[in-house]
1. Net charge near P298, counting Lys/Arg +1 and Asp/Glu -1 over other residues with Cβ under 13 Å of its Cβ?
2. Can you give the translational diffusion coefficient of segment 195-347 in µm²/s, computed by Stokes-Einstein from the Kirkwood radius over Cα pairs at 25 °C and 0.890 mPa s?
3. What ranking of C293, C408, C347 emerges when the number of other C-beta atoms within 10 Å of each C-beta is taken as an exposure proxy, fewest first?
4. As a test of understanding, state the convex hull volume per residue of the chain from its alpha carbons, in Å³.
5. Rounded, prolate or oblate: which fits segment 58-110, taking a ≥ b ≥ c as square roots of the Cα gyration tensor eigenvalues, rounded meaning a/c under 1.5, else prolate when a/b beats b/c?
6. If you take every DSSP beta bridge fully contained in the chain, what fraction is antiparallel? Give it as a percent rounded to 5.
7. Excluding I51 itself, what net charge comes from residues whose Cβ is under 11 Å from its Cβ, given Lys and Arg +1 and Asp and Glu -1?
8. Rounded to two decimals, what is Rg over Rh for segment 1-113 when you use alpha-carbon atoms and the Kirkwood radius?
Amino acid sequence: MSLSYVTPTTDSPWGTFLSQIDRVLPYLGRLERWAETLRRPKRTLIVDVPIELDDGTIGHFEGFRVQHSLTRGPGKGGVRYHPDVTLEEVMALAGWMSIKNAAVNLPYGGAKGGIRVDPKKLSMKELEKLTRRYTSEIGIIIGPQQDIPAPDVNTNAQIMAWMMDTYSMNVGATATGVVTGKPINLGGSLGRVKATGRGVFVTGREAARRLNLPIDGARVAVQGFGNVGASAAELFGQAGAKIVAAQDHTGSIFNDHGFDLSKLIPHVKATGGVAGFAGAERMVDEEFWDTRCDILIPAALEGQITADRARRLKARMVLEGANGPTMSSADDIMSERGILVVPDVICNAGGVTVSYFEWVQDFSSFFWTEDEINVRLDKIMVGALKNIWDTADRHKITLRTATFAVACERILSAREERGLYP
Ligand code: NAD
């Protein structure tokens, strides 16, 4: 029986997640009897977040926190501020976190949160009030041992600092381990800001090696030039790749010789987007998907690679920096066309891996150097990808289904070993 409180469609985020679970069933063996667990989030919390706006009126915002699975450890997953956030989207994002955390073997379940708001329309004061009230509302289910939020779309280290402070005030003790992605002064970890982009680069580098595709001179197109997209672009640029196209919510830009990233990144920081960058031509948004490139990095939102776009892509490899950027129908088309997809559930796991390092450092109050963090991150990502690749080769399945197979085996084995309570 499907859940009564959401109505997913084939290509909606939760519908996509469910179809990904369907595809892994043949590889679960005796564990298949537990698979229904993955179709039902353990806990979903919907909260009203009222704040007094600067003009004196009262604004109400919808907030969510979903704990998809807590079988392998506390919940872990980001918090997103976006006007299109829905319960269904947060459920899917939480589900993907369960898979991702298990795929890299972190001792976490999967969770995600969000507020349906356009934060760009709020003042800093309003943003702080919104964050503090939301944290208080979800405070009944989060905690360093229960569920640990982190940044996602439109949230950052400052928002994590407010969340940490609010939770700490409510429990009466400084609890740095309640969120990750914090400022360095508050128990944050070196290397966390760029960790997701670094993970995208590391998995891309390994996949390119297997395809005999040299990174030096490779043409790269990036959708989303925020935390993940810009960090990944920077590392690919340092390795000699040319970033020829970029798209974000402000528009799309192109330069056949590759952008000068030492100018583009400050431009995005100063203006809020790629549009208007002097070292590039503007391109029509839809033409971004026709860019001649070797590597495409979707690093914005879900559902960007539709069936139609998948038929037109010119890339040899897609590195899913974003969560859920590919619709199920598009997945099959890319597979038929021989385009290698490194799926989100492994490709963007670098962020949560360094979040795990941050959490461990907070508990031991002993902090590592940035080099130590980057080396450990590299090792975990390379090892996890190799295991997934071996699984894909053994069963002749895509990397996505192989990542689900590895992860679901771990989650459902833990489920079976724990047994059902009471
Ligand atoms: P961000 O807010 O820093 O950047 C988001 C980017 O997407 C911005 O460049 C924005 O302009 C762009 N964008 C928004 N709407 C768009 C649209 N309609 N068309 C094109 N571009 C659009 O967010 P982020 O942290 O970089 O997250 C990006 C993706 O990566 C999300 O899917 C997120 O869930 C995923 N992710 C983030 C992390 C992390 O550590 N931040 C970890 C894992 C996965």
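1. Details: positive: R309; negative: D248, E302, E320, D331, D344.
Here the charged neighbours net out to -4.
2. Working: Rh = 14.9 Å.
Approximately 164 µm²/s, per Stokes-Einstein.
3. C293, C408, C347
4. Each residue corresponds to 145 Å³ of Cα convex hull volume.
5. Working: a/c = 2.99, a/b = 2.45, b/c = 1.22.
Prolate.
6. Numbers: 24 of 48 bridges.
Around 50 percent of the beta bridges assigned by DSSP in the chain are antiparallel ones.
7. -1
8. On the way: Rg = 15.9 Å, Rh = 15.1 Å.
Value, to two decimals: 1.05.
None of the figures in this text is laboratory data; all of them are computed from the coordinates on show. Note that the structure is a prediction, hence the values are computed from the model and not measured. Virtual Cβ from ideal backbone geometry, glycine too; neighbours counted across all protein chains shown.
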